[in-house]
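*Asks:* Structure incoming, see below.
The values are calculated or read from the model by the stated rules, or taken from the named source; none is laboratory data. This one's a predicted model, so the numbers in the text were calculated from it and none came from an experiment. All Cβ positions, even for glycine, are placed from backbone atoms using ideal geometry, and neighbour counts span all protein chains on display.
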C-alpha cells in the first residue's frame, strides 16, 4: 500500500518534473508509461525525458526515429541497475 501517493496522478507527475528540474537531469521512462508521456507532451515537458537508447533496439535494427521510453525487459533492467550501482559506488563518498 502506498501511504504518500497523491489522490491525483498528475500531482505525482508534477513532483517528478520538479525533481528533474532541481537535479537538472532527464528520466529514462518505461515505455508503457504512456499516460505520463501524454501529460508531459501536453505540458511541454518532453525535454525532461531520455530518448530510447540505441542499444535497446534489436540487433541489426537501425532506428530512424528516436522514441521516448525504454522497454522494461529483464536485460535492460539489470543493465540499468548495474549502471546505478556503479555510479553510487564511484561517487558515494
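*Asks:* Run residue 41 past the list (1) surrounded by 12 or more Cβ atoms within 10 Å (Cβ to Cβ); (2) touching a helix residue (DSSP H, G or I) at 6+ places or on another chain (Cβ under 9 Å); (3) more than 26 Å from residue 83 (Cα to Cα) and report the number of the one that doesn't hold.
*Replies:* Status for residue 41: all satisfied but (2).
*Asks:* Find all pairs meeting these conditions: Cβ atoms under 9 angstrom apart; at least six residues apart or on different chains; first residue within the stretch 24-44 and in contact (Cβ under 8 Å) with a residue 40 or more places away in the chain; second residue in a loop (DSSP other than H, G, I, E, B) and surrounded by 16 or more Cβ atoms within 10 Å (Cβ to Cβ).
*Replies:* 28/52; 28/69; 29/69; 30/69; 31/52; 31/69; 32/69
*Asks:* Quick one: in the stretch 52-68, which of the residues that are out of contact with any strand residue (DSSP E or B) (no Cβ under 6 Å at 6 or more places or on another chain) and surrounded by 10 or more Cβ atoms within 10 Å (Cβ to Cβ) is modelled with the highest pLDDT? Spell out how you get there, then give the answer.
*Replies:* In the first step, residues of the stretch 52-68 are kept if they are out of contact with any strand residue (DSSP E or B) (no Cβ under 6 Å at 6 or more places or on another chain); the result is 53-55, 57-65, 67.
In the following step, the residues that additionally are surrounded by 10 or more Cβ atoms within 10 Å (Cβ to Cβ) were identified as 53-54, 57, 63, 67.
On the way: 53: 78, 54: 76, 57: 75, 63: 67, 67: 83.
Looking at the filtered set, the residue picked out is 67.
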